[in-house]
Structure formats: structure tokens, C-alpha cells
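A quick write-up on the structure given underneath.
The values are calculated or read from the model by the stated rules, or taken from the named source; none is laboratory data. Note that the structure is a prediction, hence the values are computed from the model and not measured. Neighbour counts are summed over all protein chains in view; Cβ atoms, including those assigned to glycine, are modelled from backbone coordinates with ideal geometry. These area figures cover heavy atoms from the full protein model, side chains too; ligands, DNA and RNA do not enter into them. Shrake-Rupley method; radii C 1.70, N 1.55, O 1.52, S 1.80 Å.
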Protein chains: 2
Amino acid sequence: MRLTPAFAAALMTLAAGTAAKAEEGMWTFDNFPIARANQTLGTSIDQAWLDRVRLSSVKFGGCSAGIVSGEGLVMTNNHCVSSCVANLSTQAVNYAETGFAPRAREDELKCPGGSAEILTEISDVTARMHAAGEGLDGQAFTRARDAEAGRIEQEACAGDASFRCQVVSLYRGGQFKLYKFRRYTDVRLAWAPEDRAATFGGDLDNFSFPRFAIDAAFIRLYENGQPVATPTHFTWKSDKPVEGTPVFVSGSPGSTQRLLTQDQLMTVRDVVLPLDQLIASELRGRMIRFSEESEENAFIAMDPLSSVENTYKRGRGRMAALTDPAFMAGRAEAEADFRRRVAANAALAAQVGDPWGDLAAIQPVMRELYPAMALLEGGTGVGTTGAGGGSQLFSWARTLVRGAQEREKPSAERLPEYADSRLAAVQSSLFAERPVYPSLEQLRLEWWLSKTREWLTVDDPRVRALLGRESPEGLSERLVEGTSLADPAVRRALWEGGLAAIEASDDPMIKYLLSIQDETRAVRADWEARVEAPTSRASERLAAARFAAYGESVYPDATGTLRLTYGKIEGSDVPGQRWGAFTTFGGLWDRATGAPPFDVAPKLLAAKDRIDPDTVMNMAVSSDTIGGSSGSPVVTAAGEIVGANFDSTVLTQRNAYGYDRNVNRSVIVTTAAVTAALRDVYGMERLVEEMGVE
Amino acid sequence: MRLTPAFAAALMTLAAGTAAKAEEGMWTFDNFPIARANQTLGTSIDQAWLDRVRLSSVKFGGCSAGIVSGEGLVMTNNHCVSSCVANLSTQAVNYAETGFAPRAREDELKCPGGSAEILTEISDVTARMHAAGEGLDGQAFTRARDAEAGRIEQEACAGDASFRCQVVSLYRGGQFKLYKFRRYTDVRLAWAPEDRAATFGGDLDNFSFPRFAIDAAFIRLYENGQPVATPTHFTWKSDKPVEGTPVFVSGSPGSTQRLLTQDQLMTVRDVVLPLDQLIASELRGRMIRFSEESEENAFIAMDPLSSVENTYKRGRGRMAALTDPAFMAGRAEAEADFRRRVAANAALAAQVGDPWGDLAAIQPVMRELYPAMALLEGGTGVGTTGAGGGSQLFSWARTLVRGAQEREKPSAERLPEYADSRLAAVQSSLFAERPVYPSLEQLRLEWWLSKTREWLTVDDPRVRALLGRESPEGLSERLVEGTSLADPAVRRALWEGGLAAIEASDDPMIKYLLSIQDETRAVRADWEARVEAPTSRASERLAAARFAAYGESVYPDATGTLRLTYGKIEGSDVPGQRWGAFTTFGGLWDRATGAPPFDVAPKLLAAKDRIDPDTVMNMAVSSDTIGGSSGSPVVTAAGEIVGANFDSTVLTQRNAYGYDRNVNRSVIVTTAAVTAALRDVYGMERLVEEMGVE
């Protein structure tokens, strides 16, 4: 089809503004631009194709995954099962080291606390949600909205534990949708490679390409002790992928901030990322040294350290974007275009008011409140920090104490995470059997207490409440040594005993969490009233203005819910990123030095002669992406799965704030490589056959 | 004196621009605004007073100090002698723990590698220096300037080891002065308190007020085995200080960047500080964990950890300034005023050209080259990182290898730090007997290698040269275990053996440093040619424009050379800093919790009943300040010493980029507190009497 000049000019105008460019956008399944995608890619997908892809897509923890057989078999990344692997391992039987390759299906092992979900239904609840907040301000606004969401969820899902309902805010409050998920809580590990086969190059090669990592693993959905029948699934394709092939990536990207105003972005650049990154860097230093102290410590810290390094490196990519003058000039121009469009429409301008100015006025407050909110409560939606520094024991105690206090109230008056509609998920996570390593728990708590004291300053009343006359070293040791919460039975008894059991408990961790509730809840209330609520209100006006200015050709920021993106298998040719689309096993053998993290995993190395060195290992794809897409199935227009997304490049981290097709690349582990690994390395022909490969 | 309205208006205009405000400025002694200071403070100092203060002021390492008796006794901060104390201590005889209180003068101990200097003469060499660079560009420019400085220094000081000469660049190249110093290389520790008495509150109270720290110590200058006669010295004043008293602070503030353009400041904000801070934070984490592993490690890491924490906290204050919208708006307005003044004068504008634009054009290059320069060479003048990560063994090897290579050439063609005029200082530092702790050396090297690999990326050819096929862990261990450079005799033999000895050496650290010279020298050459030289040239035009626009009422950026500042004893009353001018021993007893770092040092605690609780311990002073002023004598218009500067507040760190009288406060340990400590705690009446106190 040839474009008329006028239509081409209109497209150019769109491209300069905030309307989505070709291949841009993490689209919801109920607003996917089918025509535009088909036109851009030369494909012909339709609604039936979309439905099949959605029903074959799985959310697994913070990751994505895809169903690949009729018997509940699901592919995701190895790094998405790494905490499952760690939880199933001991230093003696360490599946991270050996890989996990069960001879028979009966040997598949349940992931403690694991759950998987498939999105079955989407409905619009915008009107109800907007009405709930009408005329309210501050914390009253936040709480009314939260309560309404809880009610909607409860109405739609109550009484059926095999479903979960969630009210999803899209376009920063511009729309609210009810998502209904089929939920599976018996998820078993079906195969994982040796960790080093999945992490070759370690932190150094992370967020980069060329890449040589079999970052894939399989889980299986079970129900009533049997594998779940999954007639709707992707078709496994083990052939060599072809450059230029159109592909779609279906998964749950975590969070983007593309709709933030310039002033909001400056707060992220100046306050949020520096705090998060600086304290993460110190934690990393403590963990590295901890790992070096003994083999036991190395085993304990392996997965947590990777996780800290991953978050930290992602943050570095984001800081680089926010401090890149050219990139930021593009963002500023997009905002200017938006404001010009609104100003050019007098009625719209009058109706919208000045949400930019309102958001600017919130920033000094947010800058002031962010450290306390991030360190004492977490969950600000912009940063990555949180109370307890990642201590599992602390986190359980917090859930027990707050859960008990909140359950004394009617559902609508509770903190939203304890609304009736969410208690099932809280419980299944709380009761799961997981190993606890006191030495690491203590390290995390000590670090968190000392960083909180440092950032809020020693004379802050919240810090006084946190520490009393104790030191971070002494207090963390006392709490970790004295608590019994590592025992799931203890946790269950305390949960079921309610507030009376909590208040009667002698457990020092429980007593500690009880003692800091006033101060920490006040921090959250202050944040909700002075930052969250006014931000939501202004953002909703901004969203309305955006729809008016750009029509339906806009997509919402990522929020950890299912999205579909599209692009091509393609290399990159910009400064700092010049490479072809593929890597091969041959490239792996070349890159290996033998010194960690550039050592090839032993079983993989032993299979060297059995693997065709030209087999494609990893590939780059141009579809719009952000963290959380890990494990997302990469599928063709024919519904064949050709890989799983496991990473993107450091430069791509700018995607959090704005799409740039030139640098945006996802990194994919190919089904070709996984087939070779299953068949030639790990003796898992069983799974290959199950997926219908000859 | 009452101001006429016109004169007052003129002052207002000045205040809005970059001319110095009342009390602003770290002035050189040959351009001190005597009249203005007298007018502002109501004092009547004169040239003779200035000369006496200059000749009583001492530079000691990176610190400042003041002569307080006729027998070479000098007061500085305890943290300025902490590495001397560490070098003289063992885990068994640990002066940091016990304090150092020699019964008799004969028991004073020489600080290894310590030297002290007094500024005796200043002369102008601007014309010679500017002529040397005339018509040159890039590295040729840098080298010609360096060579001329070496020649000037050599002509003025050659042959007399008791003097050191240094060409000082002021106003970023606007002026060059030759500073001549009387130099003392036998500096002995005369008294130091228990470390905790000087560091009460540790890192948490560092860079803050109210403060309760006896951060003072005494050294003594020796020559030919005898104390040096110092007839010119300050008068010790042990009385209670009085709020509002005018005071002068004489010392060598390290470095400010007030004359940087907006574009240059953005580079510091976006690239320099983030790199420095992020990697320092990880080093801190590694060191904290290292310290916790054993008592021996705690002893080893004590001083280095404090030093890392101090630099890191200073950096946080600076990041806060550069990300403070109000503060940065003030800086932008000052630059706009400057540019308007230049633009308003056609002749000046034509002569000056566009140095702002020229500096802006350098920034993308600087942003690109900074990580390699900072990590592989250091000494960029803006950051705090450096090659070897602070490993003493690495640093010695580097001096030995480069010194040998450079001494093969004529002085004018060498790297400037190895010019003939500077070899004496290089040697005395290299030959000094200092303890070396292999475990800490290995930690530092490993950290540096791994951070360099991370920031430059694993495939960078410089990183390949640095690591070969080794890992940071393995390489650092091999080098530290194999080297003999801890032995000063080995270092001396290698230095004296010249290039032949270096090339014949089997020492792995020497061989390693030899092997990385090509790559690391290339990084420096590139930086000098593409960043340093064009920056110098543009900055000099900017300096000329500044003199033309604002006259002589401007002062140069701090450069680690002697300056005089003035202000008053005064509290603070701005958000985040509301307190009176003084703290007392009574306040210390109140603040102590017993848990480190809020535990009172044992000897100090034991003396509690002997000390008047109303004795003023620390005080705040409004004079312009920046790091490096540590130990600076605080003196009255009568030439009495009333304290030693030992800190400033976190908010004051903005002083690096622009003066703000409202928040700018130095933190001073009073002579009243030191007198009480000497007399009532440490049994040092001997020194009190020597200073003439009854």
C-alpha cells in the first residue's frame, strides 16, 4: 500500500509527539492495534490469534512464561526459577550447580510458594473507580479508591480459589480494568539447566548482547496432584530462526514511566535512583565479601547477589538515560508537543487545567518524603527499596503483624493489600516452606537499619523508634537469633491466632514489628495523602488530555500486567551496540576463558561435540520491552514459539522513560538452543517429545 | 558607616552576580580584601597581622594546622594524624584506642612519611606560564605548560632540600603564582586523644552539628633531631568563646568548582559524582563486612573505612547541591549575569569569544572519557577515584615503574609529577616505613579491578590488558601475595636501580605495572589532549572575562593552597540546620548511649567529674569553607587561636559549587575543649604550659 503524501505527513506529526511509533507500545490485549501491527510487519493476525496467545501466556511470580504442551508444560527463564531452585537445594544437593533434570514426570518438584496465572477475562470498571474517588482528596481519596477496588475484586472472584481478580489502573488512572485470572498454586519445576549455562558471563554480560546464555527452564502446572490439561498452547519450533522474521512478545512487563512529566522525571533522576542505587551498591559490597568468606556463604548468597546486581545494573542503565542530554531533549520535546496540542484546543485546555503545574508542585514534597517512604515502607512504585532490606523473617513478621491488625477492620477500611480479595495470595506466600539462612538475614537487616539511620539521620524520631539505644549490628543479631518465624508452622499459628496471638507473642521479631507500626504507618499515610493522592488526581487529568490530543493511538505505561508487543528479529547498528541478530554455540566456546563468570558449565562443556556449533543460541528482537518481560514467549504470526525473552541491553533501559527504536533490543534465548540443551546436554528427550518435536 | 543609596544599590547588583559577597571567598594572602573584611567584621587587621598568620599556618599532608608555641608545636585535627597513628600502632599497642600521650618530649614519635610546610613567599609567574602555552593545542599545550612550571620551580628551589617550590594555577589559569614553602620532613606526633573522643558519633555525626568531638591533635616540627624554633606563632586562648566574635580561618581548602560553567556542572552531576559515589559505596560495603570478620580486620580497616565514609558523605552533600533546583537556579542566574555583562561590552565580548560554548562542546568528550581516566589514572581534578583502588603496594609499584621510565628523559619532557623539582617529595613518600596489610591490599585491588571491568565493560581492550584471562579475585591475590614491595629497602633499591632494575625485576607487582603502561598512559594522553588542554584554554579566557566584568573583587577557586577566610562564631537558623553556636561537654554526656559510635571514650568518660560540663566543646563559624580546611587554625583579630576547623555540615557541601552564607557553617573544635582534654583527661599539662596557659 502506498501512502498519500497527506497521510504520510500526518504520520510524521504523530511520530514527533507522544503517539506510538511503529513497533512502539506495550499494548493491552483488549486494545491491541491489530491493523497497524499487520501493516508494519506484513502479517495477518486476528482476534482468534490474540485470544490463543493470551490463553497460552502465563504469569509466574514477577516473570512471564508460555505454555508449550497440552499437559501443562510451561517455558520461562532459568533466572525466573532460580529462587525455586535455591529453595529446593541444599549445599550438598545443589541444583543450581548440577541442573535439575528429573528422569520421570513424577520427579518434578513443587516450587515453594510458587503460583502461576492465566488472564481469562478483561472488563471495564473505570466509571465505578472514578465515581469512588469523586470529591475526595488526600488519604480519603486513596482509601476510597482502594476500597472500591477490593469490593470489585471480591464481587467478581469471591469463593472461587481457582481464580484471582485484580483491578488494574491503566494510563495512570485514565482507565481501570478488572482482570480475572485462572490461578494455579501447585507449580512444579520440570527442568532447569546448570546455573552457569544460564548465566554465562554473569553480571558482566548481563544487560548486553552478544550473549551466550541458555536462560531457560520449564515448570509444569498441576491441579489435584495431576498435570493440568492445556489444549491451548504455543507450537514449539526448534528450527534455526531467520533474521527479519516478525515476532510478537507476550508477557507482563513490570513498570515504565513514559507518561511522567519532565518534573516527575527529574525527581526520579535526582532523588529516587540515586538513593536506590547508592544503597544497593553498598549491599552488593557486603554480599560480595560475605560470599568470599566460605563456600557455605557463597551458596547462600548466590541467588540474592545476582538479584541485587541485576537491579543495580538496570538502575545504571536508567540513570544513563535520564542524564543523556539528547535523550532527555527528546522527552522534553514530546511534552512540549503535548502541551501545545492541549493549548491549541481552548475547551480542552479549560477542562484539563494545569496538571503539569500541579505535578510540579508535588515534587518538592515527594523529594522530601521519598527516603522515609522508600526505606520504611517501600512500594512507592518508582524505587526498588523496602522495609527490612529483603530479610525474609522481617517480611513475614510484618505480614503477620499488619495482617492481624488489619483483619480486625472491615475489608474496605484495611490497607489494600489485606483486603478480603487478596488474603488468599498473602496466606499462600506466608505458609510456604522456604529455607532461611540466618547469616544472610542478619546481613540484610543490619544493612537496612544502618542505611535507614544514615539517610533519615540519627536524630529522626522514626530512626529513634527503629533503633532505640541499640546499634544496627546488635539489633539485627538479636532479632534474627531470637525469632522462630523460620518455622512455617509458627507462622501459620500466628496468622490463624489473629491479633490476640500476635500481641501475646514473645517472638522478638513480632514484638519488634509491633513496636514500629505507629511510625511506619504514619510515613505511609503521609505519602498517600501528600504524594500519591494528588499525583493520581493530576495524572488522571493528564490521561484524559492525552486521549483527547492523540486519540486511541496511545498505550498505557507497563504495570506488571499482560501486554503484547511486536517487532522483528534484528541486530543493532548504533554507537555502543553494533552486532548481528544471532549468537551460536560456537561463539560460546570462543568466548569462554575458564575463569568465572566466563567458564562453561561442566555438563554443557562435556556435550560440546554433540552440539552443532552453528545452532543459534541467543537472538536480538526489536519489540518494545522492559524488565519483568523475562520469560515472555516470543511467537510468530503462526503461533509458533521461537524463544523466551530473558534480557534487554543496558541502552534499552531508557525504554522505562521513552521508546527509542534505534537502541531498543530484547535478548532472547531461542527454542533451537533449548532443544539442543534438552536433547544433547541434559537427557530430557522426554520433554522434547512431549512438545511434539521429532 | 551609613551607605548612600547608590552605593547600596551597587552592592546589591554585585551580590546578584559572581562578585564576592560579604564573608564570601577563600582568598589568597596576596589579594586578601583587608578593608572589606575589617568593614564587615568591625576589626582592624593589617598586613603585619596577615604575615604573622601566614607564617603561623602549616600545611600537613592534605590538612592544615597552626603553630601554637615557640618550640615547633602545631595543632591540627586528630583525623589529620589518624594515618600517622595507624602507622605507629599495632593491634597490641593501638594508639587509636588508647590515645597517644607521651610523658616527655623525647617520647614524641616520628610520623612515617610525614612532612609539613609553611608558605614563605609568593611571586607572579603568569606571563611566563601564558607565554609557554602560546600557539599550542592539545597535549603539546599541556606538556609545554607543565615543563615551564617544572623549570620555574627548579630555578627557584633547586639545591635546597629545606624548601619546596610550586607553581600554582589560580582562577583556572587566569593567574599563575610561584609559592615557596619552608619544608620540614621530620614531623613527630606530640599528642592524640583516644580516637573515639575525636570521632564521637562516627560517620553518623560526621558533616553535622551539634557535634561533640575533640577532633584535635598535636604534632611537632623537628630539624636535625631538635624541635624547630618558631618565634612566630599563634597565641593559645583557652577561655570560653563568645558568640558573634569575628574570626579568621587560615588553611588550605582542597578544591572548589565555583567557576565552572553550567555545562561543566552538569557533567559533574551526571557522570563524575555518580561514578565516584556508586563505586565508593560498594567499597564501603566490602570494608564493613571485612571489618566484621575479626578484631584484626577491624583494626586494619578502621582508618581506611573512615576515610571512604568521609569522602562518600561529602559526595552525597555535593550531589544534593547539584540536584537542588533552587540552588542550581541561583548558579544559572549567576552565569546569566556574567554573560550579560560580557555581552554588554562589545570590545570585551569580541576579545573573549564564546568560552561557554567551547566548554559545552568539550562535555560530551569528557563524559565519554571520564570513566577510563578516573579508574585507570585518577587525578582528573574533579573526581576522587584512582588507579589501584588505594592499594599502597600498587601505588608504590606505579611510582617505581613510571619514575624509572620518566627519569630516562629530560625533566621538561616527563610526566610533570616526575620533574626534577618534584622528585624529593616523591622519594620521601616512597621510602617511608609504613605497615602494609595484605588482606586489605587484596580487597582494594580486587574491588578496583572488578569495578574497572564493570564500568569500562569486559570487552574493552584496556580491560583485556588489565586482566588477561585472570579474574579480579585471582589476579589481586597473586600480585599481593607475590610482591616484596612492602619492604622499604626493596623499594629504595628499585628506585635507585632505575629502569634497568625495574625491567630486570621478578616482582609480580612491578611486572604487572610495566605490562599496563601502554594502555594507561594512552588514556591519560587522550584526556590531556581532548579534555584538559581545551578546558584550560577556554577557562583562561573565562577568567580574563571575569576580571574585566567584576574587577579584582573575585577570588580564585580553592586548589589546596593557603587561603584566608573570615566570618563570625554563629549558629544557624535555616531548614535542616537550626541550632546555636556551641556545644558543651554536658551535651556529650547527654548524647552518649553507650552503643558505638555513641560511646564515650574510656579515658574521657573517666574524667567526667573533672571537666566543667559548661566547657564549650565545638562551635559553628560562618566563614567560607570546603574540605581540606581540616585543622585550619581559627584565629581572632588579635592573633589568638580559638579552635581548629575539623568539619562543615552536609548542606555546606554546596560550597563546592557556590557560596551560600545562609547554610555555610564550619565546625570547630575549641581550644577551650582541647585545654580541658590535655589537662583533665590525658595528663598533658606539659603542653598546656608550653603554650603559656596558666
The farthest towards the positive end of the charge dipole of chain B, of the residues B:GLY627, B:LEU605, B:GLN91, given +1 on Cβ of Lys and Arg and -1 on Cβ of Asp and Glu, is B:GLY627
Here the FRET efficiency for B:TRP589 versus A:THR457, based on Cβ atoms and R0 = 22 Å and rounded to 0.05, is 0.55
At q = 0.14, 0.21 1/Å the base-10 log of I(q)/I(0) from the Debye formula over the alpha-carbon atoms of segment A:392-527 is -0.67, -1.36
Percent of all alpha-carbon pairs of the protein assembly as shown at distances over 66 Å, whole number, is 13
With bins of 5 Å, the percent of all Cα-Cα pairs of segment B:262-546 per bin from 0 is 1, 5, 10, 13, 15, 15, 13, 10, 7, 5, 3, 2, 1, 0
Quick shape check on segment B:224-341: root eigenvalues a ≥ b ≥ c of the Cα gyration tensor, a/c under 1.5 is rounded, otherwise prolate if a/b tops b/c, else oblate, and it reads oblate
For the protein assembly as shown, the per residue accessible area (1.4 Å probe, Å²) is 36
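Tell me the net charge near A:VAL554. Cut-off is 11 Å between Cβ atoms, A:VAL554 excluded, with +1 for each Lys or Arg and -1 for each Asp or Glu.
Values: positive: A:ARG258, A:ARG546; negative: A:GLU24, A:GLU552, A:ASP557.
Taking every other residue near A:VAL554 into account, the sum is -1.
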In debye to the nearest 20, the charge dipole size for the protein assembly as shown, taken about the Cα centre with +1 at each Lys and Arg Cβ and -1 at each Asp and Glu Cβ, equals 2580
Residues meeting the amide H criterion for A:ALA217 (H placed from the backbone, H to H distance under 5 Å, 5 or more places apart or on another chain) are A:THR76, A:ASN77, A:ASN78
Here FRET efficiency (C-beta to C-beta, B:PHE547 to B:ASP239, R₀ 35 Å, nearest 0.05) is 0.25
Sorting from shortest, the nanometre distances separating the label point of B:ASP124 (7 Å past Cα along the line to Cβ) from those of the same residue in the other copies are 7.9
log10 I(q)/I(0) for segment B:46-132, Debye formula on C-alpha points only (no solvent), q = 0.13, 0.19 Å⁻¹, two decimals, reads -0.59, -0.97
The correct ranking of A:VAL401, B:VAL93 by accessible area at 1.4 Å, largest first, is B:VAL93, A:VAL401
Among beta bridges assigned by DSSP with both residues in the protein assembly as shown, the antiparallel ones amount in percent, to the nearest 5, to 95
So the B/A interface buries, both sides summed and with a 1.4 Å probe, an accessible area in Å² (nearest 100) of 3600
Accessible-area loss of at least 20 Å² in the complex relative to the chain alone (1.4 Å probe) applies, within segment B:442-474, to B:GLU446, B:ARG453, B:GLU454, B:TRP455, B:VAL458, B:ASP459, B:ARG469, B:SER471
HN-Hα couplings for segment A:62-77 via Karplus (6.51, -1.76, 1.60; θ = phi - 60°), in whole Hz with x for Gly/Pro, come out as x, 10, 10, 6, x, 6, 10, 8, x, 10, x, 7, 10, 9, 9, 8
In segment B:262-546 the accessible area split gives carbon plus sulfur, as whole percent at 1.4 Å, a share of 51
With every protein chain in place, the residues of segment B:198-213 shedding 40 Å² or more of accessible area versus the chain by itself (probe 1.4 Å) are B:LEU204
Note to self, chain B gives a 222 nm [θ] from helices alone (DSSP H runs n ≥ 4, -39500 (n - 2.57) apiece, / all residues, nearest 500) of -14000 deg cm²/dmol
Rounded to the angstrom and largest first, Cα extents along the principal axes for segment B:208-287 equal 49, 40, 29
Cα extents of segment A:178-251 along the principal axes, largest first, in whole Å, come to 42, 31, 30
For chain A, Rg(Cα) over 2.2 N^0.38 Å is 0.94
Given Cβ charges of +1 for Lys and Arg and -1 for Asp and Glu, the option among A:ALA131, A:PHE207, A:TRP589 whose Cα lies farthest towards the positive end of the dipole of chain A is A:ALA131
The summed charge of the A:PRO227 Cβ neighbourhood (under 12 Å; Lys/Arg +1, Asp/Glu -1) stands at -3
Place a point 7 Å from the Cα of B:ALA127 in the direction of its beta carbon; the residues of segment B:170-206 whose amide N falls under 18 Å from it are B:174-179
Amide H neighbours of A:GLU377 at under 5 Å, excluding residues fewer than 5 places away on the same chain, with H built from the backbone geometry, are A:ALA387
Per the rotation taking chain B to chain A, min distance Cβ-to-axis on chain B (residue, whole Å) equals B:GLY285, 1
Cα-Cα longer than 30 Å, checked against A:LYS451/A:LYS511; B:LYS180/B:LYS409; A:LYS313/B:LYS59, kept in input order, equals A:LYS313/B:LYS59
For segment A:28-116 the trypsin sites (Lys or Arg not before Pro) that pass both the DSSP coil test and the at-most-11 other-Cβ-within-10 Å test are A:ARG103
To the nearest 20 debye, segment B:262-546 has a Cα-centred charge dipole, built from +1 on Lys and Arg Cβ and -1 on Asp and Glu Cβ, of 880
Quick calc, segment A:286-388, dipole around Cα centre from Cβ unit charges on Lys, Arg (+) and Asp, Glu (-), nearest 20 debye, gives 460
Ignoring ligands, DNA and RNA, the residues of segment B:267-288 whose accessible area with a 1.4 Å probe is reduced by 30 Å² or more relative to the chain alone are B:ARG269, B:ASP270, B:LEU278, B:SER281, B:GLU282, B:ARG284, B:GLY285, B:ARG286, B:ILE288
Membrane-span-like helices (DSSP H runs, Cα span along own axis at least 20 Å, mean Kyte-Doolittle at least -1.0) in chain A -> A:138-157, A:273-293, A:295-322, A:325-343, A:355-376, A:392-407, A:438-456, A:533-550
Inter-copy distances for A:ASP573, label 7 Å out on the Cα-Cβ vector, sorted ascending, nm, one decimal, are 6.8
With Rh as the Kirkwood radius over Cα pairs, segment A:538-694 has Rg/Rh of 1.06
